[in-house]
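S.K.: A single structure is presented below for examination.
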Amino acid sequence: MSDTSSTDDEEYAVVLDFLAHGRSDSGRGYGDGPLAYAVSTDRFVLYELSLDPTADISILDRVRIRPDFEDGVERGHVVDYEDLSDGARSELDYVVEDVVEANEQRFVDFYNDAQPISLRLHQLNLLPGIGDKLRDNILDERKRDGPFESFEDVEERVDGLHNPEEIIVERIIDEMREDDLKYRNFVDS
């Protein structure tokens, strides 16, 4: 997977699951036509896409969702995590990992640019496993030696911080799953 989008006006999503006959449960009758679940690569918004029966769209395909839908996508709407199919949920972690990996600098810059939210809370504290001591280590290191260049650089320079990429992925997934989070760094609500 490559860049999140090619222009400010375009946005893409990765297909998480494809249901050739539609959903068999609430809201849509079985056989209402093919649909797919996808996650946008820019804002990590979840979509249900109604597809043309002749659409050539498969799991892990990258499809345009803005400004207009890709050929083969008739319409789409935003859904919550709970609305995803089991197949889409099982692919979500892998797709988010791929997006973070493909756009490493964007997420390394979060470690470089994170700021206080209030007098008692910092954006870095929203990341899983980052308490006050680790937050202070990150802030001290970026102040002392400048911006981080990569996830590897973050891990090497910040004592006690392991797998900074996985920490970002975990937070993104948490932000998609939890509707009632007060603060979001990566996912549009």
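The values are calculated or read from the model by the stated rules, or taken from the named source; none is laboratory data. Predicted model, so just to flag it, every value in this text is computed and none were measured. Note that we place each Cβ from the backbone using ideal geometry, even for glycine, and neighbour counts take in every protein chain shown. Ligands, DNA and RNA are excluded from the accessible area calculation, which covers all protein heavy atoms including side chains. Shrake-Rupley method; radii C 1.70, N 1.55, O 1.52, S 1.80 Å.
S.K.: Rounded to the nearest Å, what's the spacing between the alpha carbon centres of the stretch 33-75 and the stretch 155-188? Just the number, please.
M.R.: 26
S.K.: Sort Phe107, Phe186 by heavy-atom solvent-accessible area, probe 1.4 angstrom, most to least.
M.R.: Ranked from most to least accessible, the order is Phe186, Phe107.
S.K.: Still on this structure, I have one more. Which of the chymotrypsin sites (Phe, Trp or Tyr not before Pro) found in the stretch 25-100 are in a DSSP loop and have at most 12 neighbouring Cβ atoms, other than their own, within 10 Å?
M.R.: Passing both the DSSP loop test and the Cβ count: Tyr30.
S.K.: From the list (1) 131; (2) 159; (3) 120, can you say which value of volume of the Cα convex hull per residue in Å³ was derived from the structure given?
M.R.: So the structure-derived entry is (3).
S.K.: Sticking with this structure for a sec: How many Å² of accessible area per residue for the chain, probe 1.4 Å?
M.R.: 54
S.K.: Here's something else I'd like to know. Where the accessible area of the chain is counted over protein heavy atoms with a 1.4 Å probe, how much of it, in %, is carbon and sulfur?
M.R.: Ligands and nucleic acids excluded, carbon and sulfur give 42 percent.
S.K.: Sorting Arg75, Arg43, Arg62, Arg120 by accessible area (1.4 Å probe), largest first, what list results?
M.R.: Putting Arg75, Arg43, Arg62, Arg120 in descending order of accessible area: Arg120, Arg75, Arg62, Arg43.
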